[in-house]
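The values are calculated or read from the model by the stated rules, or taken from the named source; none is laboratory data. Computed from a predicted structure; not experimentally measured. Cβ: placed from backbone, ideal geometry, glycine included. Neighbour counts: every protein chain shown. When the accessible area is computed, the model is the full protein with side chains, heavy atoms only, and any ligands, DNA or RNA have been set aside. Shrake-Rupley method; radii C 1.70, N 1.55, O 1.52, S 1.80 Å.
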Amino acid sequence: MTEEAIQYERTPVRKPLVAIVGRPNVGKSALFNRMIGERRAIVEDIAGTTRDRLQGEVEWRNRLFDLIDTGGLAEPTSVAGSGAYMDAIKAQVESAVAAADLLLFVVDSKAGITAADHEVADMLRRAQKTTILVANKADNQRRSDDATEFYELGLDDPQPVSALNGAGVGELLDLISEMLPYLPDADEEQSEAAKSLRVAIIGRPNVGKSALTNALLGQERVIVSDIAGTTRDAIDTPFEYDGEAMTLIDTAGIRRPGRIEGSIEHYSVMRAKGAVERADIAILVFDASARLRAQDLHIVGIALEEATGLVVCANKWDLIKDTWDFDKFRNSIIRRLRFATWAPVVVVSALEKTGLDELMRTVKSIGEERRRRVPTSELNAIIRGALARRPPTIPGKKRLKLLYVTQARTEPPTFVFFVNDAELVSSTYKRYLENAIRRQFGYKGAGLRMVFRSRNEEE
């Protein structure tokens, strides 16, 4: 494989960007969830839970802006178990601050002002960015009144809020709306968002998912570490490849259930599975030097259940390229994918940035396959022919009878079979009919949804 330079453009930014910053455990993620209206960020009473930048969209009074949650800024010794990450977290926060149009500096009105708050305030003053000081955890009138002590930071009026019960959040959103530049209309953005191809990068821990994300985007968008479990949230990043708008979703590694450690990792895995549910295409990343394992195949099964598009991506080719023939290696992987032979296999090295263009061309092609609609007459002819060649083996006197089949929708391609008795269709026979559709119409890399409904001939 030769080195390839991936060509991409960032999607033009039309929505203002607001970044939430502050020391650990002041409620930044809880405020993020409250403002975007969903529990996307993991919230724990453990300092250092958030590590990567997490981005979401806020709609307020039919206007939109993007919101970024960041990791807490603190000395490594003040956050249990996070010393290995603090430099990377700080770099992520600084990147978010540099990109933002407006900053929300969150402090804890319950704990009061701290030396770390002063350090963050100094950093923000040096950044010379418009900043709103947000006194969170003002869950009652006394704490709201106590927020006045934060005038000491020299950052205008503190805005008391409670992410827990929502108090003051509406007033904060009003203030943000007044201070931001042009806010696009929600209806304006809806049609653009519908066109974006959502691509989730999934796999076991420490197989190079975040490194691949950064390589595709051409920037250090997510923290990369040799420590398994570095990524905890599902990180969305919009970009454009070859004229197609996409959203790349980096996810936490999915371990076997018995290997999941602690509540944070439990929720991380839930977020990863949720990312697959909302994705159009999943890129299953595995370590080429470790080969395709049983857990990798289990994760493939998650994508199959959601009928997403699927690419199987062998990363870290640089580790074995001198000892393996490329075609033999790819064929060995294809043989392991007996239940998803339609999924393309791509071999890449995120470190050396090889194979990336092939990967993205494959993703774009799968997006097109998912939008394909087949003629009803041809579909019925193919299925009736398949039934005639190999009738289902059914004990008893009752026989399966096909009345009609139609493609009900695209994205994912969904085929509805009207039969005399849906109970007569085994899982094995469903796969046989799916393969008949694929042989005739392709759908390379696209998950198909097969629905069987009982209906008598008169109906």
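Solvent-accessible surface of region 352-459, averaged per residue with a 1.4 angstrom probe and all protein chains in place: 54 square angstrom. With label points built 7 Å along Cα→Cβ from the Cα atoms of ASN435 and GLU423, find their separation and express it in nm. Reported label-point gap for ASN435 and GLU423 is 2.8 nm. Placing pseudo-labels 7 Å out from each Cα toward the beta carbon at ASP325 and ALA381 gives an inter-label distance of 4.2 nm.
Find how much the distance from ALA294 to ALA99 grows on full extension, using 0.36 nm per residue of separation minus their present alpha carbon separation; answer in nm with one decimal.
Values: separation 195, 0.36 × 195 = 70.20 nm, distance 4.10 nm.
Gain on stretching ALA294 to ALA99: 66.1 nm.
For region 323-419, list log₁₀ I(q)/I(0) at each q in 0.10 Å⁻¹, using the Debye formula over Cα point scatterers of equal strength and ignoring solvent, two decimals each. Reported log10 I(q)/I(0), two decimals: -0.49.
Extension gain for LEU175-LYS110 works out to 21.1 nm (0.36 nm per residue, less the C-alpha to C-alpha distance).
Using the alpha carbons alone, the radius of gyration of region 100-167 stands to its Kirkwood radius in an Rg to Rh ratio of 0.96. When the C-alpha to C-alpha distance is required to be over 29 Å, the pairs from LYS364/LYS430; LYS273/LYS328; LYS129/LYS316 that qualify are LYS273/LYS328; LYS129/LYS316. Multiplying the residue separation of ARG455 and GLU57 by 0.36 nm and removing their Cα-Cα distance gives an extension gain of 138.9 nm.
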